[in-house]
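Heads up: the structure comes next, in structure tokens.
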Amino acid sequence: MIRPLSISASFLLLMLHLFAGCHTANKSPDAVLPTIITEKVHKDSDDPAIWIDQHDKARSLIIGTDKDPDNGGLYVFGLDGKIDRKRSVTGLKRMNNVDIGYALPWGDSSIDIAVATERVRHCLRVFRMPDMEAIDDGGIEVFTGESQRDPMGIALYKRPSDGAVFVIVGRKAGPSIGYLEQYRLAYDGKMSVSAKLVRRFGRFSGKKEIESIAVDQALGYVYYSDEQYGIRKYHADPDKGDAELTVFGQADFMEDNEGISIYDLDDSTGYILVSDQSANRFQVYPREGNPKAPHVHRLIASIPVSTDQSDGSDVTSVSLPGFEGGLFVAMSADRTFHVYRWSDLARKAGLKVKNP
């Protein structure tokens, strides 16, 4: 005989069901589904970056962070979503965000690098691509002398005029002016990277924090999410000054505006995608702004996605095997990263796809 559940057992099952579904309540039934969901990281996925292999695009990689404070890491994934355990780096202290830089001058040649924030140790970690060889002499300290030193967001910029490579870093908390730091990276002559502080800049509303940062390499702008306030825009070149160019998206998000990524159609047009974290969607803005107003970025589309509470994302318009027209990757709170064909997202939102 099957006995009915007691009131207490029924109540417990109800609570478990509600708890399990609390993160997915805002998912749209017509969300775009990923082509691939990566294998799970150890504990707490946070931010991805895409490295393009210029010689063999099939060997391109996705780097994803794990924020575990004791056994965090940088996980390396192939385009099939499988973890490359030989190249993944673990045992790190709360890896937050990661970005990729190409052709850093290195003696008589150049190298590609992955740069990430190691939050607990207040430092940057720099790895040579694609083998993930550490070239930072154990870490580069940031925000020295500051009361709040926990680095979070990161983005790389390469200046076209002289090839200088810079890293822009955000933190967990900071002042209303000068919240971010920018460093110039260089080869130190001893097989390591050195970093020189070149400026402190950037306004902060004080509402929550600044984590996601993205650089438009071709146009020379840096964008960052002042969470629960808006997206701020500055020149990426420190020689062009610290004036804020615009703030946008202030009424477009359910709660936190988070991960930023930039899809280029050509050298000047394309899309800025920003995670509407609690709504499980990405808001889309014109990269070029409005006609005759390049710093006016108004919402043009919303893309519902399968991710849960996405913090970070990256996108490329380079066609890769299985991802003609580009690849978009976004973190999901279930310890994975969701990998999409850009053409699927574009079709959903009525956006364009870059010609191969």
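Exactly one of (1) in contact (Cβ under 8 Å) with a residue 40 or more places away in the chain; (2) among the charged types (D, E, K, R); (3) more than 19 Å from residue 235 (Cα to Cα) is unmet by residue 207. Its number? Status for residue 207: all satisfied but (1). All conditions but one from (1) crowded, with 17+ Cβ neighbours inside 10 Å; (2) under 24 Å from residue 146 (Cα atoms); (3) of a type outside the set (Ser, Thr, Tyr) apply to residue 215; the one that does not is (2).
Here is the figure for region 28-86: residues that are part of a loop (DSSP other than H, G, I, E, B) and either at pLDDT 95 or above or closer than 19 Å to residue 324 by Cα (or both) total 30.
When residue 304 is tested against the conditions (1) surrounded by fewer than 22 Cβ atoms within 10 Å (Cβ to Cβ); (2) under 29 Å from residue 200 (Cβ atoms); (3) in contact (Cβ under 8 Å) with a residue 12 or more places away in the chain, the lone failure is (2). Would region 105-118 turn up any residue that is in contact with a strand residue (DSSP E or B) (Cβ under 7 Å, 6 or more places away or on another chain), of a type in the set (Phe, Trp, Tyr), under 17 Å from residue 40 (Cβ atoms) and surrounded by 16 or more Cβ atoms within 10 Å (Cβ to Cβ)? No, the conditions are met nowhere in region 105-118. No other residue among 311, 264 is modelled with pLDDT under 95 and acidic (Asp, Glu) apart from 311. Across region 252-260, not a single residue is classified as outside any strand (DSSP E or B) and polar (S, T, N, Q). Which one is farthest from residue 132 (Cα to Cα), of the residues in region 53-67 that are surrounded by fewer than 20 Cβ atoms within 10 Å (Cβ to Cβ), charged (D, E, K, R) and in contact (Cβ under 8 Å) with a residue 24 or more places away in the chain? Residue satisfying both the conditions and the ranking: 57. Can you work out which of the residues in region 147-188 that are of a type in the set (D, E, K, R) and under 18 Å from the mean Cα position of the chain (by Cα) is nearest to residue 69 (Cα to Cα)? It comes out as 150. Taken over region 131-158, the criterion of being farther than 30 Å from residue 206 by Cβ and part of a strand (DSSP E or B) is satisfied by 133, 134, 158. When residue 248 is tested against the conditions (1) within 16 Å of the chain's Cα centre (by Cα); (2) over 25 Å from residue 102 (Cβ atoms); (3) buried (at least 19 other Cβ atoms within 10 Å of the Cβ), the lone failure is (1).
Among what's in region 68-90 and is within 15 Å of residue 127 (Cα to Cα) and out of contact with any Phe, Trp or Tyr (no Cβ under 6 Å at 6 or more places or on another chain), pick the residue that is surrounded by the most Cβ atoms within 10 Å (Cβ to Cβ). Here the answer is 75.
What about residue 197, is it at pLDDT 95 or above, surrounded by fewer than 18 Cβ atoms within 10 Å (Cβ to Cβ), within 25 Å of residue 241 (Cα to Cα) and in contact with an Asp or Glu (Cβ under 9 Å, 6 or more places away or on another chain)? Answer is yes for this residue.
Is it true that some residue in region 104-120 is part of a loop (DSSP other than H, G, I, E, B) and under 16 Å from the mean Cα position of the chain (by Cα)? Yes; the residues of region 104-120 include at least one that is part of a loop (DSSP other than H, G, I, E, B) and under 16 Å from the mean Cα position of the chain (by Cα). Remark: pairs (first residue in region 210-238, more than 19 Å from residue 184 (Cα to Cα) and small (Gly, Ala, Ser); second residue modelled with pLDDT of 95 or more and part of a loop (DSSP other than H, G, I, E, B); Cβ separation under 7 Å; 6+ apart in sequence or on different chains) = 212/312; 230/249; 230/250. Which one of 292, 352 is out of contact with any helix residue (DSSP H, G or I) (no Cβ under 6 Å at 6 or more places or on another chain) and modelled with pLDDT under 95? None of the others qualify; the one that does is 292.
The values are calculated or read from the model by the stated rules, or taken from the named source; none is laboratory data. Here the structure is a predicted model, which means the values were calculated and not measured. Here Cβ is always computed from backbone atoms with ideal geometry, including for glycine, and neighbour counts include all displayed protein chains.
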